[in-house]
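K.L.:
Quick one: the structure is below, and I'll ask about it shortly.
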Amino acid sequence: MSEYYHIDTDVTLSEKIDNDTVVINLTNGCYYNFNPTASYIWELIGCGLRKEDIHNRYTSVFDVPDDESKKDLANIIGFLLDNELIKKSNSALSGPDPTSSDIAYVKPAIEKFDDMQEMLLLDPIHEVTEKGWPYKSDE
Amino acid sequence: MIRFMKLQKRDGHIKAMNKSHDSFSLKFIDSFMHIEQTPIEKFIAIGPCNIKFVFYNNLMAEILIRPFQHLVSESSDKINFTIHAAEDSVSIPTPNFKMLISDGINDSLNQNLYFNTDTRHFLHNTLATITSLVDTQTRDAYYYIDSVENLPDYEKAAPFRMIFHWFGVMNNMNLIHGAVIANNGAGWLLAGKGGVGKSTMSLLSQLNGTPLLGDDYVLIENKDIPIAYSLYNSIKVNQDIIEKYPFLDQYLANRTSHDYDKGYLFADEIPGQGMTLSAKLKGIIMITGESSDLPSFNKIPRIKALSVIGSSTIFQMPGINRNFLRGIVELVNALDIREFILGNSIKENLVFLSDFIDESPLISVIMPIYNGADRIMKSIASVLNQTYTNIELIIIDDGSVDESSEIVKRMSDDRIKYYFQDNQGPAAARNKGISFANGRYIAFIDHDDTWYENKLEKQLTHMKNHSGLCVLYSRHNLIYKGSKENYIWPQKIKGIPRFNYELPSSMFIDRNVFHRIGVYNPTYMVLEDTELHLRILDSGIEMHTLDDYLLDKYIHGTDPLRNLAVNDLYIKRLFTASVKRKHFLKSKCISVIIPAYNPDEHLISCIKSILSQTLTPYEIVIADDGSKNDVAKLLSCFNEPRIKIFRQENKGISGARNFAISKATGNILAFIDSDDLWTEDKLQLQVERLISDSSVQAVFGCIRQFYSPEVDDAYRKKYYFKDEVTKGVIPGTLMILKEDFEKVGPFNENLRLGELFDWIHRFKKQGYNYTVLPDVMMYRRLHYNNNGILNKQDRIDFAKAFAQIVKDKKNERS
């Protein structure tokens, strides 16, 4: 069975600056800075590729040994799942193709910040989407 | 023909014995026997009694059981009393009943018709067409109405009143018109004439954390110590309370009928306390219509309580048992009676009331220890052996390297809470203790001092007897453990008023003081207690010193205070700070900043909440951000020179705030958005903290959200929120000195959302800190026009603000 990942756009906001990406998680109040390699992985996930295809695209762009690239992806995807920035899924949800190009390989890394947590968590209006607020009624 | 006795107020109860009453009763009861619908059974438990309801349709069961939801039980065992409830439209098959009644009614001006025989009690309310019959012999009651949907709200909130009166009579109880609030199983009956605020006090007490037993009617068992039982979970709500506490609106059971003057809600829907089902009654609190500046209690003669409770209960329930008054006399004789004269502030009244009924509040004792292994046993024992026992002892080990921790851990009293931290000095250690404290009051003790066993008891009693008192010291005996000459103690530090007997080990303090003026200043390595003392004095918080000697203070010769040169430096520093504070308190003037774009009547409510502040602002500066409507015209109703409107081209909310700030002339800025509301002491509490506490440069507060009354159910469902008090680090609660704001710089006008995150980031870069006060300071209105986030560009702006913050952090590092 193929495995896909979805970026939960109701609870995350992201913005690219240069080749880095800043991602905000509105449910845990943390924000993250993705280095260019991690940003590229984030974009690959966002365009709705299968797990295997993410790996193929990753190795086609970066010249890294197979076991190294597998480790890179496992680490980053594990981190994203742990931080509830992405969800596992059985179906594809296609998004735009990666826009990053000419990225030199550095070890993918994500820096996590929680210094605005108090503010981010308490402002429900900022979390509103057409579907309403991300937390559900008790019913 | 049935002869009904009319209710004649002057004559009181008229007993009528008439055979026709019995024959009528039998026919009435018989008509219930012929109902064909399948009954729906519900069970509730009141104290030892199990009551069965038999409803003949779903809607009746649903509506009429709601006020008893907290009493519902699954058990159908040992039923003491059964209530049969039917409605005309579907349940009663024959027209006999209506005929029977109409035959008996010959004067439709009389609202209530009733009769009592030895075992049967009948009441018909002609206006609401509610008929009740209780048969005390068979222990059955019959309730008959036209239509449950058309019942008046007072009946939906508290149905079967007459039936429960007779239920009470059968079980040695009285159904009393009044509210009961309870604390740890001890209850107080709140009584008073209609309109004096019984319901308001009971509702707000419940919100404030004092559990409610009943708002309008309670059952009270006659005993040496009377016991109150909860009956209804409904609470009446007046319109003026909804205006002050707008979040209550969403809980109104009759919200959509827009008849707010007669609003009611069910207590168990409000998050928090839940209901208390029974309590031993301690006393009666008679709320009077009079008011004074501060709330207070008076002793009053019992006859006054008797007349008020008796008459209001009889007025509510015509035709009740003639022995009723005897029951009330017994009740009043068994209880402590107080008259509660309300103060001007609802908040103060609530604190006063909850302190009064909480006879044994928790006291948190905070003991910082540092290498005190040879002395702490004695100190700790002196705390644990206090005659007042409801305490927690919070020991903060400030990095001891001796056996202190082992000694503490060997003590087996579960009131001890031990925390270890790296050595940071006594101020930081006490602050840590304050952060862990759960008590209503806090007392401190140093690890080498010992309290006398009645220290806390004496101080608590004095505190409770002096409304408004927040800080209480006592005298102490000095015990020298070395040569006396080396010490400057207890020499007065020159110039500090009333600084003589005031030691941390004697201090007994309302924990709220720390929210008002901040905690100990940890940058004072010595004289931290003097510094706090001065701040308390400067802010005018009431302070007493008991003339009793309540502790031994040991002088060992190792205290850092001995270094006079260091001492002088700190003394100079604390006086400089005090002078600055006093200067600021004199010169303070607050500019309220409101950005407004196409404001509507919500802005009027907003400004009302500003003008009714206990601390009046100097000016209200409104930036009209290119509105399409006439803002000046909208606000012309105020005729208020302090409202200043400045208009500019539309620049967005940050641009509008910056524009208003540029026009502000006060030295303190307080922000609010045009649709939100402040609570009445918001400015006062914030100014006090901002000026008193030099460790914070900005003060926020807590918020609670509410649906604007006009929004429909679809909106409420979509934007469902969990009603709770949350920390509000948002512009609507922000207060800052203008000079500090200017150092941080204006809001970023390129961001339509996330501007505060960007601003806070720059604020922190200045080395500034903010605090969030625990009080609710703002009610945030949810209405059709405030979900700007739906705009995609706004979401991008929000992320951009963070991208900028990250970039900035990276630049700082490199």
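K.L.:
I'd like the full set of residues that are at pLDDT 80 or above and buried (at least 19 other Cβ atoms within 10 Å of the Cβ), limited to region B:776-795.
P.N.:
Once the filter is applied, which keeps residues that are at pLDDT 80 or above and buried (at least 19 other Cβ atoms within 10 Å of the Cβ), region B:776-795 yields B:776, B:777, B:778, B:779, B:780, B:781, B:782.
K.L.:
If I filter region A:67-115 down to residues being touching a residue at least 60 places away in the same chain (Cβ under 8 Å) and within 14 Å of chain B (Cβ to nearest Cβ), which single residue comes out as surrounded by the most Cβ atoms within 10 Å (Cβ to Cβ)?
P.N.:
A:85
K.L.:
Kindly provide the set of residues from region B:213-234 that are of a type in the set (A, V, I, L, M, F, W, C) and touching a residue at least 60 places away in the same chain (Cβ under 8 Å), ordered by number.
P.N.:
Answer for region B:213-234, where residues must be of a type in the set (A, V, I, L, M, F, W, C) and touching a residue at least 60 places away in the same chain (Cβ under 8 Å): B:213, B:219, B:220, B:225, B:227, B:231.
Residues are listed down the side, and each one gets a yes or a no for (1) at pLDDT 90 or above; (2) surrounded by 18 or more Cβ atoms within 10 Å (Cβ to Cβ); (3) more than 25 Å from residue B:168 (Cα to Cα):
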{"site": "B:241", "(1), (2), (3)": "no, yes, yes"}
{"site": "B:247", "(1), (2), (3)": "yes, yes, yes"}
{"site": "B:256", "(1), (2), (3)": "no, no, yes"}
{"site": "B:261", "(1), (2), (3)": "no, no, yes"}
{"site": "B:265", "(1), (2), (3)": "yes, yes, no"}
{"site": "B:270", "(1), (2), (3)": "no, yes, yes"}
{"site": "B:282", "(1), (2), (3)": "yes, yes, no"}
{"site": "B:291", "(1), (2), (3)": "no, no, yes"}
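K.L.:
Additional query: For region A:21-53, name all the residues that are over 12 Å from the mean Cα position of the chain (by Cα) and free of Cβ contacts under 8 Å to residues at least 40 places away in the same chain.
P.N.:
A:53
K.L.:
Going through region B:537-568 one residue at a time, which ones are surrounded by fewer than 13 Cβ atoms within 10 Å (Cβ to Cβ), modelled with pLDDT of 80 or more and not small (Gly, Ala, Ser)?
P.N.:
Residue satisfying the conditions is B:547 alone.
K.L.:
Continuing with this model, one more query. Looking at (1) within 14 Å of chain B (Cβ to nearest Cβ); (2) in a strand (DSSP E or B); (3) of a type outside the set (A, V, I, L, M); (4) surrounded by 20 or more Cβ atoms within 10 Å (Cβ to Cβ), which one does residue A:42 not meet, given that it meets all the others?
P.N.:
(2)
K.L.:
Residue B:766 fails exactly one of the following numbered conditions: (1) closer than 20 Å to residue B:654 by Cβ; (2) surrounded by 14 or more Cβ atoms within 10 Å (Cβ to Cβ). What is the number of that condition?
P.N.:
Only one criterion is unmet by residue B:766, namely (2).
K.L.:
Here's a follow-up. Identify the residue in region B:678-702 that is farther than 30 Å from residue B:252 by Cβ and of a type in the set (Ser, Thr, Tyr) and, among all such residues, is nearest to the other protein chains (Cβ to nearest Cβ).
P.N.:
Looking at the filtered set, the residue picked out is B:695.
K.L.:
Just to check your reading of the model, which residue among B:169, B:218 is within 28 Å of residue B:345 (Cβ to Cβ) and in contact with a Ser or Thr (Cβ under 9 Å, 6 or more places away or on another chain)?
P.N.:
Values: B:169 fails: within 28 Å of residue B:345 (Cβ to Cβ).
Of B:169, B:218, the one residue that is within 28 Å of residue B:345 (Cβ to Cβ) and in contact with a Ser or Thr (Cβ under 9 Å, 6 or more places away or on another chain) is B:218.
K.L.:
Inside region B:527-536, can you point out the residues that are out of contact with any Phe, Trp or Tyr (no Cβ under 9 Å at 6 or more places or on another chain) and either at pLDDT below 90 or surrounded by fewer than 23 Cβ atoms within 10 Å (Cβ to Cβ) (or both)? Give the derivation first.
P.N.:
Our first condition is that a residue be out of contact with any Phe, Trp or Tyr (no Cβ under 9 Å at 6 or more places or on another chain); within region B:527-536, this holds for B:535-536.
Across region B:527-536, the qualifying residue is only B:536.
K.L.:
Residues in region B:659-668: is at least one aromatic (Phe, Trp, Tyr) and assigned to a helix (DSSP H, G or I)?
P.N.:
Looking only at region B:659-668, we keep the residues that are aromatic (Phe, Trp, Tyr), and these are B:659.
Cutting the leftovers down to assigned to a helix (DSSP H, G or I) gives us B:659.
Checked against the condition, which is being aromatic (Phe, Trp, Tyr) and assigned to a helix (DSSP H, G or I), region B:659-668 yields at least one hit.
K.L.:
Among the residues of region A:116-135, write down those that are in a loop (DSSP other than H, G, I, E, B) and either at pLDDT 85 or above or more than 8 Å from chain B (Cβ to nearest Cβ) (or both). So that I can check it myself, show each step before the final result.
P.N.:
So the first thing to find is which residues in region A:116-135 are in a loop (DSSP other than H, G, I, E, B), and the list is A:116, A:122-123, A:128, A:130-131, A:133-135.
Passing the criteria: A:131, A:134.
K.L.:
Within region B:703-814, which strands (runs of 3 or more DSSP E) (wholly inside it) include 1 or more residues that are at the interface with chain A (Cβ under 10 Å from one of its Cβ atoms) and under 28 Å from residue B:588 (Cα atoms)?
P.N.:
On the way: elements: B:726-728, B:735-737, B:770-782.
Here the list reads B:726-728, B:770-782.
The values are calculated or read from the model by the stated rules, or taken from the named source; none is laboratory data. These numbers were taken from a predicted model, which means no experiment stands behind them. Glycine also receives a Cβ, built like all others from the backbone with ideal geometry; neighbour counts cover every protein chain displayed.
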